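The values are calculated or read from the model by the stated rules, or taken from the named source; none is laboratory data. As the structure is a computational prediction, the values presented were derived from the model and not from experiment. Cβ atoms come from the backbone with ideal geometry, glycine included; neighbour counts cover every protein chain shown.
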Amino acid sequence: MKKTAIIYLSKTGFTKKYAQWTAEESGADIIPFSEAKKRRDKILTEYDSVVFGSRLIGGTINGLSKAKKLFYTGKIPFAVFVTGATPIDAQDTAPTLKKMWEQNFTPAELDSIPHFYMQSGLSYENMPFIEKQMMNAFKSMLKKKKGAEGISEGMAEVLGSSFDNSDKKFAAPLIQWIKG
């Protein structure tokens with residue numbers, strides 16, 4: 001059986017939750033990113049594959065560039081999962097996610113690094129102060145913007161409070177990849 005390390009970076013708890021669910025279902029080990037950086041060489045020799053998980057913030061996968069430098073060596077399989085508040089079944093999700101992947105990976109990386117999106121939510125209670133301020137500014141901008149049929153106003157309402165749309169089903173494709 002393939003031995004996999006799930007290395008995660010989590011600020012608000014969603015990525016950690018998905019890392020735990022994925023590990024439970026796949027038999028992988030989970031390691032916080034801060035610890036994994038210290039154990040890099042050991043991880044690369046003891047594991048058959050590495051998965052990096054983090055959150056999406058402003059279109060960027062938090063910590064991905066560091067994770068790729070440390071663990072995307074070409075010697076063992078490397079995959080990425082990202083959590084975000086964007087609903088999986090929304091009408092414009094596919095183009096939004098495509099753009100996000102293209103902003104975070106080179107074309108060659110998109111072909112060689114399996115990547116997975118897992119719908120989560122927002123947790124203002126666990127969000128760093130500066131990010132709360134950024135979200136408040138974004139919500140204000142959306143409220144002022146006149147979008148088609150009030151879409152911006154509706155989005156501002158949705159972003160107005162914490163919510164959790166996490167579901168184990170969103171981890172299923174990654175679990176399948178780990179299991180082979």
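Can you find a residue that is buried (at least 17 other Cβ atoms within 10 Å of the Cβ), touching a residue at least 40 places away in the same chain (Cβ under 8 Å), over 14 Å from the mean Cα position of the chain (by Cα) and closer than 22 Å to Phe33 by Cα anywhere in segment 69-89? Yes, segment 69-89 contains at least one residue that is buried (at least 17 other Cβ atoms within 10 Å of the Cβ), touching a residue at least 40 places away in the same chain (Cβ under 8 Å), over 14 Å from the mean Cα position of the chain (by Cα) and closer than 22 Å to Phe33 by Cα.
Just to be sure before I move on: is Ile7 surrounded by fewer than 21 Cβ atoms within 10 Å (Cβ to Cβ), touching a residue at least 12 places away in the same chain (Cβ under 8 Å) and either closer than 23 Å to Ser112 by Cα or acidic (Asp, Glu) (or both) in the structure I sent? In short, no. Scanning segment 111-132 for residues that are more than 19 Å from Pro77 (Cβ to Cβ) and without any contact (Cβ under 8 Å) to a residue 24 or more places away in the chain yields Phe129, Ile130, Lys132. Of all the residues that make up segment 111-121, how many are assigned to a loop (DSSP other than H, G, I, E, B), closer than 14 Å to Val50 by Cβ and among the hydroxyl-bearing types (Ser, Thr, Tyr)? Here the count works out to 0. Of the residues examined, Ala108 is one that is outside any strand (DSSP E or B), of a type in the set (Gly, Ala, Ser) and modelled with pLDDT of 80 or more.
The set of residues in segment 16-49 that are of a type in the set (S, T, N, Q) and over 21 Å from Lys69 (Cβ atoms) comprises Gln20, Thr22, Ser26. When the helices (runs of 4 or more DSSP H) confined to segment 1-99 are screened for residues that are modelled with pLDDT of 95 or more and of a type in the set (Gly, Ala, Ser), those reaching at least 1 such residues are found at 14-26, 33-38, 64-71.
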